[in-house]
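The values are calculated or read from the model by the stated rules, or taken from the named source; none is laboratory data. Worth saying up front: this structure is predicted, and the values here are computed from it rather than measured. Positions of Cβ are backbone-derived with ideal geometry, glycine not excepted, and every protein chain shown enters the neighbour counts. We work out accessible area using only protein heavy atoms, side chains counted, and drop any ligands, DNA or RNA first. Shrake-Rupley method; radii C 1.70, N 1.55, O 1.52, S 1.80 Å.
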Amino acid sequence: MRTYLKTVARMFKRHFTRFLSVVLMVLIAVGFISGIGASKDKIDYSMIDYYKARTVSDFIIKSKSNEGFSGDDAAKAETLLGGATVDTGVSVDLSVGEKRSLRLYFLDFDNWNVNVPDIVKGERATGSAQIYAERSDNVIKGYEVGDEIVLDFKEILIKLSEQNGAQISAEILRMLDRLKPVNVTVCGIVQSPLTFARDGEPSYNNPPDLPVQNTTTGTKDMDVLENILFISKTVIPTYKDAVSFLPDDMNEPFLKDGDLYVAVQDRNRFNAFSADYKSYAEKQKAELKESLADAEILTLYDNYSFNSLKSYGEKVENIGYVLMVAFLFVTALVVLSTMIRLIEEERSQIACLKTLGYSSAGIISKYILFALIATGIGGAGAYFVGIGLMRLIYFVFNYSFCMPPISAGVVVVFYIIAFAVIVAGSLLATAIAGIKMTNERPADLLRPKPPKAGKKVLLEKIPFIWNKLPFRFKSTVRNVLRYKSRFIMTVVAVALSASLVLAGLGLLDLCLFHDFGSPAIMGIAAVIVAFAGLLTAVVIYTLTNINISERNREIATLMVLGYHDGEVSGYIYREIFINSLIGIVFGYPASLFLLWLVFSTMGLGSIGGVTWFWWLIMPFVVLAFTGLIMLVLRRKIVKIDMNQSLKALE
């Protein structure tokens, strides 16, 4: 057992670079997949926690009549929903010139139980000073704490009367002229849990008769509300005496509740992102419409902020599903190649162990241990990479939305799937290769595997070109095609890596030049390009490093024959460069397919819409990483021990 453990330790030392390559491959692929895959669930969980904490309304009921809502209407809504929390309020849009630019919400702040906002600046006040401004975003200018605002109650009464269908006579208008504007001071800045999209909230706040700004379609030609104020109902009685001379039909529209904000009592039912909750909301909406005929019912699915966030989250998830397959395939391909070729290099070690009486299972187990430890370390690191990437994506979403604090819930489904596939594939391939090798006789294993004979290539049948090539280029061309399985594996891996790079660039193009305008998706695109580039670098490094290790004797022979370091390095570099170029060529059709999948799952963009220069940038990205790997591996090439490499294996 001591001798066996020594051979295991020596194997790890001898193949440390391969061990490190497997670790990095798993780290990058599983980290990327788990980070992208967990993002939507993390966003969903965070929003659900936030909605529950702020008691977000399941339904908003708006009165269509000039009677407003009575206490019986609120009680009826509570009964229909099996018990609910109901807040009441009224809103009005005011005009500045020809633009509707200000909306006022009159709410009962002393009993503010539904859609409770975050006070991001200032503090909660009492009495008639309870006036808050909506947080500024890309369309709402907003106020600051301490700003003085003039409330023209004449204009407010006229607007409310118009909204409720009341007729204003000339006599009443003359009476309204006696009302004087009132100065109020903003005591705090709030963030409503229903209006967290930074591009505005057309479903609630923007005038309904104007075009809706939508970052998904890119519509931006519209007037929007410039400011929103939340005003306590305690403000109204303060100024009621000033309007006491008005007829009742003018007072009532001002005092009647025009909105009911309803939160279902059972908050455990609340999961806004689930199909069950959506079905429940639609069913209850229909029942409320039957009972409250003169009302408009809005659910959370009529909320632009919610739908926009939900849509972006689903797009990220769909991108994750598509790219997960590509990343897994490339990683599995290279890891399997690494383990199979490692076992082939250990032929003599396996023969010695068999001669000493070790069982096939015992011999194979050390290679399985190698694969298990390498993938295990890579997988452990990938978990934290995934968490970091998921948090980065969540942070990027803040450029499009005012995101709540991130949920503490653990999301590991994508991580477990990706890691399990890599581990299972690696162990299975290692076991199969090990069984195949241990089934051979020790005498056969002790003999070095003869190098594959060179064959004529297609280019040799074109004398006009072949005869003019220097010898070093002829040998390079033959070597590239001599080991067909190695060549095909390298080309496929580089092609898929190149397609991942172009998929990221295509998404970036959608945001930059096609008016998609989503910082969240732009951040995802940048992450894809970065991870695809890293994957490309590790793929080329791993396959090239294996190639060099398998050809030590060949390289040492060139050194003995008098080749300089630069010539020997060039001998290998030319092969890497040719393989990368061929991989890039095949990467284009792979990119077409991958881009089509990405755009199809997102429901946005098209292959024809990708700007032409991205197709030219992709090869330079791949070749840049290839050049970097060439520099890293130069030392390994020129430091090969000629004496050790040329010793006969006996």
Whole-number D in µm² s⁻¹ for segment 418-514, Kirkwood Cα-pair radius fed into Stokes-Einstein, 4 °C, 1.567 mPa s
71 µm²/s
Among the listed pairs 154/283; 461/639; 141/180; 62/141, which are separated by more than 31 Å between their Cα atoms?
154/283; 461/639
For segment 518-639, which whole percent of the accessible surface, found with a 1.4 angstrom probe, sits on carbon and sulfur atoms?
73 percent
Protection proxy ranking, peptides 536-544, 384-392, average beta carbon neighbours within 10 Å, highest first
536-544, 384-392
Contour minus Cα-Cα span, residue 399 to residue 360, at 0.36 nm per residue, comes to 8.2 nm
Rounded, prolate or oblate (a/c below 1.5 giving rounded, otherwise prolate when a/b exceeds b/c) for segment 362-481 by Cα gyration tensor
oblate
Send over a whole-number figure in Å² for the accessible area per residue of segment 5-63, probe 1.4 Å.
32 Å²
Distance violations [Cα-Cα > 27 Å] among 40/121; 6/484; 52/285
40/121; 6/484
So if each residue of separation counts as 0.36 nm, and I subtract the Cα-Cα distance between residue 391 and residue 593, what length gain in nm does that give?
69.8 nm
Return one whole number: the accessible area per residue of segment 549-650 in Å², for a 1.4 Å probe.
55 Å²
Could you pull out every residue, at least 5 positions away or on a different chain, whose amide H is within less than 5 Å of the one on residue 407? Hs are placed 1.01 Å off N in the peptide plane, and Pro or chain starts have none.
46
With the 1.4 Å probe rolled over protein heavy atoms, segment 296-407 has an accessible area per residue in Å² of 35 Å²
Most positive-pole-ward Cα, 12, 56, 33, against dipole of segment 1-63 from beta carbon charges:
12
Under-5 Å amide H pairs with residue 122, H placed in peptide plane, nonlocal only
189
How many nm is it between the label spots at residue 12 and residue 372, if each spot is 7 Å from the Cα in line with the beta carbon?
1.3 nm
Using only Cα atoms, what is the ratio of the radius of gyration of segment 289-410 to 2.2 N^0.38 Å?
1.91
Per the rule of 0.36 nm per residue minus the C-alpha distance, extending residue 274 to residue 557 adds in nm 95.3 nm
Under the rule a/c < 1.5 gives rounded, and otherwise a/b versus b/c splits prolate from oblate, where does segment 507-650 land using the Cα gyration tensor?
prolate
